[in-house]
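Taking it in order: structure first as structure tokens, then the write-up.
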Amino acid sequence: MRLHAVATLAAPPATGPVTDQPTPGVCALAHRPLPDGTFTSLHRNSQEEEARALRVPHAPTPGPLQTLYQRLAQPEPSPAARAEAAAWVRGALACTAQDECDLPASPDDLYAWMRGQAARTAQAYADYLQQRRAGAPRRYFSNRAHALYFLRSVAPTKLVDGAWLYGLMAHGGNPRLAPLVRTYLEELGDGQADKNHVTLYRKLLARHGMADDLPTDDALYEQGLMQLALAWTAEEFLPEIIGFNLGYEQLPLHLLITAYELNELGIDPYYFTLHVTVDNSDSGHARQACDAVLHMLPPAGARGDGDADARQAFWQRVRAGSQLGSVGRGTVSVIESFDAAAEATRIFQAKAAAGAGLHSDYARIGGRTVNQWLAEPERMGEFLLALADGGWIQHGKPAQDSRLWNLLQGERAEMFGVFSPYELQVIHDWIRGADSADGQAYFEPAAANQSGRRPSFRALQRMHGSAGRSTGGLPADDASDPDRVALDERLAQLTGDARRAALVAAMGPALHWTPAGLHATRLWAAGGLA
């Protein structure tokens, strides 16, 4: 069950709940990937029908989920935002109450359940690898643009990774919470920038020109919102947070496949492979999540039936919390929603306002000047159709055969720098159609793939050393950063609980990836609390 109908958010979308079906998209301009990895043929309806289908609203305003997400993604959300978050979590629990829960009926069976989950995931992944060795196409990503689309779409969740545990840090001295505190610190990389999950994802986005290009689809903020809401409501929802953590930290199949296919496409998979290792069921987060449940569980009736009732009530709340991990659009749903033509249309629409009025009127496309087209962003789909009809775009051929592409890339590209690396990859793969399944990057010469399979990201790292993984130009840790300097000055004046509170504040979801936040995490991890 999904949460778009939760009444506690103002003005919920009228389109109903998000399902696991692909988002309806525009397929008229490109070959659309099928689940088996093949592609449909290019099909064109009448231009009038396509024009109607391709008209999309311009610059949508943030929806209620994104708005609350942004209010909670602050260093110190307002009391009103926290109250709204708590009400939203209550609504989410009501919505998911009837969903099937795969946790065991008794917490005594928790470790067996965890081992069974891990074994099933391992077997499913072995089956996947066998299929790939036998020649099956990639299961998730039809081309490089598809993979980058996925990374951009899930960014609202990945950029608050681990946030659901933040509220427990105020009680970090409680030994019963030690497994959860340990998990949160590891999500933060113990203050090491190259292990901090959010820092890694921010760098991954920056490397592909997506750092400032987050999605606008409200549904994509739902899971991230859940994690932020739990971060700021721990006093009310401690058992549910423990349950959320229990379900979320079990290693899923999609994480393994995602890492494998990103690497195959030459995209750094480290953020995902790091999760594969830290979520292991022996000593990693999967095991720590089980330990946390049993540490916090009331005794098994040591003082009579009252304790047994309390134990069962706590366990039921843990089970309810585990269901919250399914809120929002899942990984496979996001992957299936990719449509190259629809995404290309969105990209050109987003650029229209900046380019309107800046083009000459020498060329007329579809009977209109470029400036006239750009003055109406909602008609970008029609503009792209007109470009194809006028020969500016040669679908199904190398991108270099299209006049439009040569304006964007090449020695004399007149529009060089207008589009980000992600946007260029989408346009490149949209133009090439089915041939883009070879995973060619937009900046690679066409001949690079003629000799066989392109090198994976790891192979490129081996060839080029550390240059294979860019920092994305983001200073992850800087002793001269003014916020870090200010934090040190403040800590020098504090002791005891006040010092602990200052460190906890700096380790919040909005700050822990900054130089000051990384510094605070290292101090905490090193025991520098006095």
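Here is a yes/no grid of residues against (1) of a type in the set (A, V, I, L, M, F, W, C); (2) farther than 24 Å from P215 by Cα:
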| site | (1), (2) |
| --- | --- |
| A340 | yes, no |
| A344 | yes, no |
| G366 | no, yes |
| N371 | no, yes |
| G391 | no, yes |
| Q394 | no, yes |
| A399 | yes, yes |
| L404 | yes, yes |
| V426 | yes, no |
Among the listed residues L262, L246, L225, L255, which satisfies the condition of being in contact with a helix residue (DSSP H, G or I) (Cβ under 9 Å, 6 or more places away or on another chain) and either closer than 25 Å to A516 by Cα or not assigned by TED's automatic domain parsing to the domain that holds A147 (or both)?
L225
Restricting the range 196-252 to residues that are of a type in the set (S, T, N, Q) and closer than 28 Å to A145 by Cα, the residue that is surrounded by the fewest Cβ atoms within 10 Å (Cβ to Cβ)
T216
What pairs come up if the first residue lies in the range 371-388 and is among the small types (G, A, S), the second is at pLDDT 90 or above and in a helix (DSSP H, G or I), and their beta carbons are under 6 Å apart, counting only those six or more places apart or on different chains?
G381/T345
May I ask you to list pairs of residues, at least six apart or on different chains, whose Cβ atoms are under 6 Å apart, with the first in the range 80-103 being surrounded by fewer than 18 Cβ atoms within 10 Å (Cβ to Cβ) and the second being assigned to a loop (DSSP other than H, G, I, E, B) and modelled with pLDDT under 95?
A87/T8; G91/V6; G91/T8; D99/M1
Please verify whether the range 141-156 includes one or more residues that are under 28 Å from V318 (Cβ atoms) and either in contact with a His (Cβ under 7 Å, 6 or more places away or on another chain) or buried (at least 24 other Cβ atoms within 10 Å of the Cβ) (or both).
yes
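Okay, residues lined up against (1) closer than 27 Å to R139 by Cβ; (2) free of Cβ contacts under 8 Å to residues at least 24 places away in the same chain; (3) not in a helix (DSSP H, G or I):
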position	(1), (2), (3)
E240	no, no, no
F244	no, no, no
G247	yes, no, no
I257	yes, no, no
N263	yes, no, no
F272	yes, yes, no
P298	no, yes, yes
For the range 364-411, which positions are outside any helix (DSSP H, G or I) and of a type in the set (A, V, I, L, M, F, W, C)?
I365, A375, W392, I393
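Here is a yes/no grid of residues against (1) at pLDDT 95 or above; (2) out of contact with any helix residue (DSSP H, G or I) (no Cβ under 8 Å at 6 or more places or on another chain):
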position	(1), (2)
E444	no, yes
S451	no, yes
F457	no, no
D497	no, yes
V504	yes, no
L511	yes, no
Of the listed residues (A492, A525), the one being without any contact (Cβ under 8 Å) to a residue 60 or more places away in the chain and not charged (D, E, K, R) is A492
Looking at the range 111-118, is at least one residue in contact (Cβ under 8 Å) with a residue 24 or more places away in the chain, aromatic (F, W, Y), touching a Phe, Trp or Tyr at 6+ places or on another chain (Cβ under 9 Å) and assigned by TED's automatic domain parsing to the domain that holds R202?
no
If we ask which residues in the range 412-443 are assigned to a helix (DSSP H, G or I) and of a type outside the set (S, T, N, Q), their number turns out to be 16
Under 8 Å by Cβ, and 6 or more places apart or on different chains, what pairs join a residue from the range 314-340 that is in contact (Cβ under 8 Å) with a residue 40 or more places away in the chain and within 9 Å of P239 (Cα to Cα) with one that is of a type in the set (S, T, Y) and surrounded by fewer than 18 Cβ atoms within 10 Å (Cβ to Cβ)?
W315/S106
Conditions first: (1) surrounded by fewer than 22 Cβ atoms within 10 Å (Cβ to Cβ); (2) at pLDDT 95 or above; (3) among the small types (G, A, S). A178 passes all but one, so which condition is the exception?
(2)
It is to be established whether one or more residues within the range 180-192 are among the charged types (D, E, K, R), in contact with an Asp or Glu (Cβ under 7 Å, 6 or more places away or on another chain) and either in a helix (DSSP H, G or I) or not assigned by TED's automatic domain parsing to the domain that holds F244 (or both).
yes
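Here's the yes/no breakdown for (1) closer than 23 Å to K195 by Cα; (2) in a loop (DSSP other than H, G, I, E, B):
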residue	(1), (2)
S480	yes, yes
V485	yes, no
R490	no, no
D497	no, no
A505	yes, no
L511	yes, yes
T521	yes, no
W524	yes, no
G527	yes, yes
In the range 274-287, the residues that are touching a helix residue (DSSP H, G or I) at 6+ places or on another chain (Cβ under 7 Å) and assigned to a loop (DSSP other than H, G, I, E, B):
D279, N280, S281, G284
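Pick out, from the range 15-112, the helices (runs of 4 or more DSSP H) lying fully within it that include 3 or more residues that are at pLDDT 50 or above and not hydroxyl-bearing (S, T, Y). Break it down stepwise before answering.
Numbers: elements: 47-54, 64-72, 79-96.
Qualifying helices (runs of 4 or more DSSP H): 64-72, 79-96.
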Quick check on my filter: what residues within the range 197-220 are in contact with a Ser or Thr (Cβ under 8 Å, 6 or more places away or on another chain) and either of a type outside the set (A, V, I, L, M, F, W, C) or not assigned by TED's automatic domain parsing to the domain that holds D161 (or both)?
K203, R207, H208, G209, D213, P215, D217
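Considering every residue within the range 150-167, establish whether at least one is in contact (Cβ under 8 Å) with a residue 24 or more places away in the chain, in a loop (DSSP other than H, G, I, E, B) and small (G, A, S).
First pass over the range 150-167, keeping only residues in contact (Cβ under 8 Å) with a residue 24 or more places away in the chain: 150-167.
From what's left, in a loop (DSSP other than H, G, I, E, B): 154, 159-162.
Of the ones still in play, those that are also small (G, A, S) are 162.
Yes, the range 150-167 has at least one match.
The values are calculated or read from the model by the stated rules, or taken from the named source; none is laboratory data. All figures in this text were calculated on a predicted structure; none of them were measured in a lab. Neighbour counts are summed over all protein chains in view; Cβ atoms, including those assigned to glycine, are modelled from backbone coordinates with ideal geometry.
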